[in-house]
Amino acid sequence: MIGFFRNHGSAIDNPLASTDTALYAVAGVDIWHFWGFLTVVYLAALRQTPLDQVEAALVEGANGWQIFRYVYLPSIRPTLQLMWVMIVIFSFLAFDYVYLLTQGGPANSTEMLSTYAYTAAFSAFQFGKAAAVGLVMSGFGLLSSFLFVWLSRKDPDL
């Protein structure tokens, strides 16, 4: 473990230096930072499930998986839908981790729309291209928001 980040010419030593593993390493950091928030939100949603429904399922002889599938999951469905939309929107904000860890490299294997726009604007001084990429990113966020509104119209509890 001492030589984990020491580069001895093999990709196993530094996962950020290999084109095969760099994106997974950055994704792991991003998931690690967001996981706590999601856990708190999902636990809060699970605690809002009425205990009467859980007790009724137990009386009917449901096992743990059935209670989760037929009682808890429908109860937290609005929270799940909102969190999925937020995850999609926040995934476009992953610029900081990618730029700090790899700056889009090695060999552009971790290049994302946000790092591409940053490089186009501030390294190549192609502000029009960067603005176009930013507009496409905004379109993805808008599409995600429309998806949430569509889902909330289908389900009045959302």
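Read through the labelled values (1) 49, 33, 32; (2) 63, 45, 20; (3) 67, 50, 29 and report the label of the one computed as Cα extents along the principal axes in Å from the structure.
The value matching this structure is (2).
Counting helices only, and only those DSSP H runs with n ≥ 4, report the 222 nm mean residue ellipticity of the chain as the sum of -39,500 (n - 2.57) divided by its residues, in deg cm²/dmol to the nearest 500. The partial results should precede the final answer.
Numbers: 7 runs with 103 residues, N = 158.
Helices in the chain give a 222 nm mean residue ellipticity of -21500 deg cm²/dmol.
Read-outs throughout are calculated quantities, based only on the coordinates presented, and are distinct from any laboratory measurement. The model shown is predicted, which means the values in this text are computed figures rather than measured ones.
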